[in-house]
Amino acid sequence: MRTIDLQTQIKFERILLATDFSPCAEIAQAYAVGLARHDSSTLELTTVVKLPSLDALSECALDSFRRASEEDLRRMAEPVSGVKVTRKVIEGFQPAAVIVDEAVDFGADLIVLGTTSKHGLKKLALGSTAEDVIRTAYCPVLTVGPHVQRPAGGAVSFQRIVYATDFSAQAAKGADLALALGHSEGAKVYLCHVLADKTVSRDGAEDARYVSFLKALVPESAHCWCDPECVVEHGKAAEAILARAARVKADLIVLGARKASFWVEFVRTGLTPALLATATCPVLTVC
């Protein structure tokens, strides 16, 4: 069952940018503004004042943080032109939870945030806020990692999209979104599945079988308005997907991530966090 009407060009009409004013967040802002210009969207700039434990901070000091955050958002919004912009400082004990709640209240159809990387469990991980937003958001999340370059000024659109799938139901949502974006932009869309080397048959039969599965995700009508290509890669999933994205000079990677098994998958393979933290282009994740 299709989760998006592929005959309709997709638009992000209400975009929420969650920022901590870091360098990654500044590049995420450039993407959010560029996408808002492209789709004539309303853009909300928001930042979280994380509430401390009781008695850890005086009310006076907390008010100072609030005022500073409001001023930072005002300065951020000041140079933005050609886009309807709103600003809001939100507060809570759990930043990810209040970001997701604000996205619901705002009616966002896209959340944009910058991510930083850290080392933990001998794997590359994301900051916990980004992980939790992706896992609990009700709309797609565009993450901009530390290796992503600032886009050119003006409207932002995506012309070379890599969609990676493990054929789960959530990954199928990502396929619909990737193809719908391809429809909107006339983009080249690569549908990709990764096989572990130990599963590869010498005669290529296994590759051919999975290519047929990938082709089954693409409706016949899609060939009229985008240029899908189905490919099978080999090796470790995150490395193989990033290598494919590098070869085709992708400007967007689309993933479907399983809500229930997000943390299990992270501990076992590090797939989604590793991709988000090391990609050289933005990653759009659908849960």
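Some observations on this one:
- Contour excess over end-to-end distance, with Cα ends at ASP197 and THR280 and 0.36 nm allotted per residue: 27.4 nm
- Full-stretch length increase - PHE65, LYS88 - with 0.36 nm per residue and alpha-carbon distance subtracted: 6.9 nm
- Electrostatic tally near LEU45: other residues with Cβ closer than 14 Å to its Cβ, Lys and Arg +1, Asp and Glu -1, net -2.
- A straight chain from GLU13 to ASP101 at 0.36 nm per residue would run longer than the Cα-Cα distance by 29.9 nm.
- Solvent-accessible area per residue in region 150-244 equals 46 Å², computed with a 1.4 angstrom probe and all protein chains kept.
- Cβ-defined net charge surrounding ALA245, 15 Å radius [Lys, Arg +1; Asp, Glu -1]: +2
- Solvent-accessible surface of region 9-94, averaged per residue with a 1.4 angstrom probe and all protein chains in place: 54 square angstrom.
The values are calculated or read from the model by the stated rules, or taken from the named source; none is laboratory data. These figures come from a predicted structure and were not determined experimentally. Quick reminder, even Gly has a Cβ in these numbers, built from the backbone with ideal geometry, and neighbours come from all protein chains shown. When the accessible area is computed, the model is the full protein with side chains, heavy atoms only, and any ligands, DNA or RNA have been set aside. Shrake-Rupley method; radii C 1.70, N 1.55, O 1.52, S 1.80 Å.
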